[in-house]
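Asks: Let me begin by handing over the structure; questions about it come next.
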């Protein structure tokens, strides 16, 4: 894709978000899933890239040197290197957090990259960017072997819900078994619940977890019964779970804020001569 360089306002069409609040929401979801995958330095670079994407929510056209200068000036030392920042970019692209496009000047020479943040996929896992590698030789034997292994994994285990591990709460088993009686399927659905609960540090609040899990599963079944649009039910269930847990987390955060138990301050920074304010992850 050949994109002409220019002022950031000219890239507004590439934004996938209605406003900063929505961009903030999706970035929080991305970080819950992938914060652990970045080193401390890479995370610092990612957060600054997000802050540079505030004027047009989710879009940044700043040069790497400009971003690094802003970081290193704030910390009064060369705390982040160009190589670390580039590693962060490669990771972010692979995870699907954002896409990167080259831009060119009017004379055809390459200019700074355009970073376009993607929405967090609430209905299916993020898709990795597909790349063409014409010089690579595909190992057909390995591919065939991998397909056979995958097929075996997807086959029913021939064990029903009566064999489900005791670690899976019985109320959850009772509702899931009506639609998916296989042990592997039930335990995989519960595994998705555990992953989500752990991300929000709610894994010890079992009654809450089970309640949200059952609500999410009922919403999945409703979707399956009313439409044929769900190709991967467990992925759709995972997306519903994330939304349910985020809503609960946000409501609890607002309650604490209203009670004065915590104080949430927006991040203030200067961008293109304007003072911007934006709440984002400070941890």
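The values are calculated or read from the model by the stated rules, or taken from the named source; none is laboratory data. The structure displayed is predicted, hence computed values, not measured ones. Heads up, the Cβs are rebuilt from the backbone with ideal geometry, glycines too, and the neighbour counts pull from every protein chain shown.
Asks: Out of all the residues in the range 63-78, which are buried (at least 20 other Cβ atoms within 10 Å of the Cβ) and part of a loop (DSSP other than H, G, I, E, B)?
Replies: Result: no residue meets the conditions.
Asks: Sort out which residues of the range 232-283 are exposed (fewer than 12 other Cβ atoms within 10 Å of the Cβ), at pLDDT 65 or above and either at positive phi or touching a helix residue (DSSP H, G or I) at 6+ places or on another chain (Cβ under 7 Å) (or both), and write them in order of number.
Replies: Of everything in the range 232-283, just one residue is exposed (fewer than 12 other Cβ atoms within 10 Å of the Cβ), at pLDDT 65 or above and either at positive phi or touching a helix residue (DSSP H, G or I) at 6+ places or on another chain (Cβ under 7 Å) (or both), namely 260.
Asks: Could I ask something else about it? For residue 134, indicate whether it is at pLDDT 90 or above and either over 23 Å from residue 91 (Cβ atoms) or surrounded by 16 or more Cβ atoms within 10 Å (Cβ to Cβ) (or both).
Replies: For residue 134, the condition - at pLDDT 90 or above and either over 23 Å from residue 91 (Cβ atoms) or surrounded by 16 or more Cβ atoms within 10 Å (Cβ to Cβ) (or both) - is not met.
Asks: Let me ask something else about it. Of the residues 62, 70, only one is at pLDDT below 90, in the same structural domain as residue 114 (by TED's automatic domain parsing) and touching a helix residue (DSSP H, G or I) at 6+ places or on another chain (Cβ under 7 Å); which? If you could, list the steps in order and put the result at the bottom.
Replies: On the way: 62 fails: touching a helix residue (DSSP H, G or I) at 6+ places or on another chain (Cβ under 7 Å).
Within the list 62, 70, the selection yields 70.
Asks: May I ask you to verify whether residue 20 is out of contact with any helix residue (DSSP H, G or I) (no Cβ under 9 Å at 6 or more places or on another chain), within 17 Å of residue 116 (Cβ to Cβ) and surrounded by 18 or more Cβ atoms within 10 Å (Cβ to Cβ)?
Replies: Numbers: out of contact with any helix residue (DSSP H, G or I) (no Cβ under 9 Å at 6 or more places or on another chain): yes; within 17 Å of residue 116 (Cβ to Cβ): yes; surrounded by 18 or more Cβ atoms within 10 Å (Cβ to Cβ): yes.
In short, yes.
Asks: Test residue 36 against the stated conditions and say whether it is surrounded by fewer than 14 Cβ atoms within 10 Å (Cβ to Cβ) and not in a helix (DSSP H, G or I). Walk me through it before giving the result.
Replies: Working: surrounded by fewer than 14 Cβ atoms within 10 Å (Cβ to Cβ): yes; not in a helix (DSSP H, G or I): no.
The answer is no for residue 36.
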